[in-house]
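The values are calculated or read from the model by the stated rules, or taken from the named source; none is laboratory data. All figures in this text were calculated on a predicted structure; none of them were measured in a lab. Note that we place each Cβ from the backbone using ideal geometry, even for glycine, and neighbour counts take in every protein chain shown. Keep in mind that these areas ignore ligands, DNA and RNA; they rest on the heavy atoms of the full protein, side chains included. Shrake-Rupley method; radii C 1.70, N 1.55, O 1.52, S 1.80 Å.
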Amino acid sequence: MHLFPPATCPRLIVKIGSALLVGPDGGVRREWLAGIAADIAERVRAGQQVAMVSSGAIALGARRLGLAKGGRASLEDAQAAAAVGQIALSQVWAEMLGAEGLTAAQILVTLDDLEHRRRYLNAAATLDRLLGLGVVPVLNENDSVATEEIRFGDNDRLAARVAQAAGAQGVVLLSDVDGLYDRNPALPGAQHIARIERIDAAVEAMADTGSASGMGSGGMVSKIQAARIANAAGAHLIIASGRVERPLSTGARHTLFVAEKAAPARKAWLAGGLTARGTIHVDAGAARALVGGKSLLAAGAARVEGDFARGDLVAIAGPDGRTLARGLAEYPAEDAARLVGRRSDEHADILGYAPRSTLVHRSHMALL
């Protein structure tokens, strides 16, 4: 077992892309999927707890409904295809895992389920209980009800968030690509990169937005975003080729993104947030202070964007516009904007009420 063996990875999340699960004819690739089920069973028998994030509902439903563009011509088509296809997808997983003596469970989530702190904790508790019972949870985005505003949009980032919620040590993204290249792999001279120690601007620049199959929604950009979320939560992430039989046990070619030291659970949840309600732009001095572990004071803020309330998740951007951190706002956007650049001793006179000491406190902030 080359990809995250049980001895070093007690809890594993495996994501399967649409192009691997669904063939060009729109039908399930049952023989390949049976091999994945066998891989999972082997790992469960060895003591590893495994959860799956499975794409494929829209592609399966589109075939049954005869919808154009794989069911992705419109949001309404995608929702209809997902509603039909999810039944077929869950049946396939229950059958394949059942043939290996495993019990499958279905969990459908929306972005809000993992961005809202209380619902996130509920989802985490459910995952933990199922895994502890030896069940293999199969998760997917609830595309039949999700709108553009509340969608993950791809299962790569969903898998990373699930890993965070489950306290997993490893994530495998099985896809139609075998990892990260220094440029689009279709270009001459493209070099495969086997290991990434740190995701920086140079690594992000290597990403290509295309999905080779045209079936899925997650290109390399979403996979790198997923790696950032997983790594911040202490989980290593592998992007591996699923274009081989039994990829989990044969050691498919891949790129490994090495995790950082795990952040505290609340900080990891903040860092992985995808739906910031606004942005607070800061000057160079404030940016240095944040990196040094300080809270964000109004004096270091340059401007405020968005419409957020106290307690909402906001992004904090440096002078170059790059997001430095995410945190929970101590003020609503209107009041925060009035305090921009002002000293703490001026706040009470400006607002007319006893102020809080920071715009975002370090206890409720995670650096990226």
statement: Rounded to the nearest 5, the percent of antiparallel DSSP beta bridges in the chain equals 40
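At R0 = 30 Å, how high is the FRET efficiency between Ser241 and Arg64 if r is their beta carbon distance? Nearest 0.05 is fine.
It comes to 0.60.
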message: If you roll a 1.4 angstrom probe over the protein chains with everything in place, what fraction of the accessible area of the range 266-367 belongs to carbon and sulfur, to the nearest %?
response: 47
- request: Calculate the length of the line joining the C-alpha centroid of the range 327-368 to that of the range 75-110, in whole Å.
  value: 45
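In whole percent, what relative contact order does the range 6-261 give with Cα contacts below 8 Å and a gap of six or more residues?
Computed value for the range 6-261: 22 percent relative contact order.
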query: Quick one: what does P(r) look like for the range 1-116 with 10 Å bins over all Cα pairs, in whole %?
result: 13, 40, 32, 14, 1
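Suppose R0 equals 56 Å. What FRET efficiency, 1/(1 + (r/R0)^6) with r the Cβ-Cβ distance, do Ile87 and Ile193 give to the nearest 0.05? Don't skip to the answer; put the middle values down first.
Values: r = 39 Å, r/R0 = 0.70.
The formula returns an efficiency of 0.90 here.
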- request: Straight distance only, please: which lysines reach the Cα of Lys261 with their own Cα at less than 28 Å, same-chain residues fewer than 8 apart left out?
  value: Lys15, Lys223, Lys294
- line: Quick calc, the chain, dipole around Cα centre from Cβ unit charges on Lys, Arg (+) and Asp, Glu (-), nearest 20 debye, gives 740
query: Roughly what % of Cα-Cα distances in the range 266-367 sit above 16 Å, to the whole percent?
result: 49
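Charges at C-beta only: +1 for Lys and Arg, -1 for Asp and Glu. How large is the resulting dipole of the range 1-149 about its Cα centre, in Debye rounded to 20?
It works out to roughly 300 debye.
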query: Lys/Arg Cβ at +1, Asp/Glu Cβ at -1, dipole of the chain taken about the Cα centre: which of Ala159, Leu290, Ala190 is farthest positive-ward?
result: Leu290
Accessible surface of the range 43-122 [probe 1.4 Å, protein heavy atoms]: carbon and sulfur percent: 50
task: Select one label from [x] 134; [y] 214; [z] 153: the one whose number is volume of the Cα convex hull per residue in Å³ as derived from the coordinates shown.
output: [x]
field: Probe 1.4 Å, accessible area per residue of the chain, Å²
entry: 43
task: Set the Förster radius R0 to 22 Å, insert the Cβ-Cβ distance between Thr103 and Arg30 as r into 1/(1 + (r/R0)^6), and round the FRET efficiency to 0.05.
output: 0.65
task: Compute the relative contact order of the range 266-367 as a whole-number percentage, counting only Cα pairs closer than 8 Å that sit 6 or more residues apart in sequence.
output: 34
- request: Please give the length that would be gained between Ala46 and Asp182 if that part of the chain were fully extended, namely 0.36 nm times their separation in residues minus their C-alpha to C-alpha distance (nm, one decimal).
  value: 45.4 nm
- line: In the range 266-367, taking the dipole from +1 charges on Lys and Arg beta carbons and -1 charges on Asp and Glu beta carbons about the Cα centre, the listed residue (His347, Pro332, Ala276) farthest towards the positive end is Ala276
query: Among the helices of the chain (complete DSSP H runs), which have Cα atoms covering no less than 20 Å along the helix axis and a Kyte-Doolittle mean of at least 0.0?
result: 75-99
message: Given axes a ≥ b ≥ c from the Cα gyration tensor, I'd like to know whether the range 77-179 is rounded (a/c under 1.5), prolate (a/b larger than b/c) or oblate.
response: rounded
